[in-house]
1. Work from the charge dipole of the chain (Cβ charges, +1 for Lys and Arg, -1 for Asp and Glu, about the Cα centre) and give the residue of L67, L47, L142 farthest towards its positive end.
2. Given the options I96, I50, I127, state which has the largest fluctuation in a GNM of the chain using a 10 Å cut-off (strictly under) for Cα springs.
3. Take every DSSP beta bridge whose two residues both sit in the chain, then give the antiparallel share in percent to the nearest 5.
4. Note down the net charge around R130, summing +1 for each Lys or Arg and -1 for each Asp or Glu among other residues with Cβ under 9 Å from its Cβ.
5. Once the other residues with Cβ under 11 Å from the Cβ of E145 are scored (Lys, Arg +1; Asp, Glu -1), what is the net sum?
6. Determine the relative contact order of the chain: mean sequence separation of Cα pairs under 8 Å and six or more apart, normalised by residue count, in whole percent.
7. Would you mind counting up the charge near E49? Only other residues with Cβ under 13 Å from its Cβ, with Lys and Arg at +1 and Asp and Glu at -1.
8. From the square roots a ≥ b ≥ c of the eigenvalues of the alpha-carbon gyration tensor of the range 96-150, which class results: rounded (a/c under 1.5), prolate (a/b over b/c), or oblate?
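Read the figures in this text as sums done on the coordinates, not as results from a lab. Computed from a predicted structure; not experimentally measured. Quick reminder, even Gly has a Cβ in these numbers, built from the backbone with ideal geometry, and neighbours come from all protein chains shown.
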Amino acid sequence: MAISVRPALEADIDRLVDIENAVFAGDRLSRRSLRRLVASPSAVIILAEIDGNTIGYAVVLLRRGTLAARLYSIAVAPELAGRRVGAGLLEAAENIARSQGRALMRLEVRTDNGPAIGLYQGAGYRIFGRKPGYYQDGEDALRMEKMLAEAVR
């Protein structure tokens, strides 16, 4: 299974919406939000593809004036869960953050999402906080981070 990764384009919005709706029961990114993120200079959406078919994506936010990047969302088509697509997207997201001079990646993850927490911990992320009631259904979020490079002194 050869997976390629590339930046998302406006033409990819329909497939992004399809994956978003298949993966998340709530707290979904709308078509409008995805379109804004694709066009934003402070965000990057990367797609994972097999033979030209989009199978997952990651959204990285890159605000000015900070050494931290934020993994805003990551999703893999349910039929490909467990095939390391998420790990590949996470690595690509970290590489983007590094290429933009970011020393740290932060994210939030549902406390009941064991597979995602395992993915992040396996990639070197550590829990540094909790956000009570963060999600639409009231579920808490764990705040996680990983150093990507030595911090600039």
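1. Farthest towards the positive end: L67.
2. I50
3. Here the antiparallel bridges make up roughly 90 percent for the chain.
4. +1
5. So the environment of E145 carries a net charge of +4.
6. Reported as a whole number, the value is 19 percent.
7. Local net charge: 0.
8. prolate
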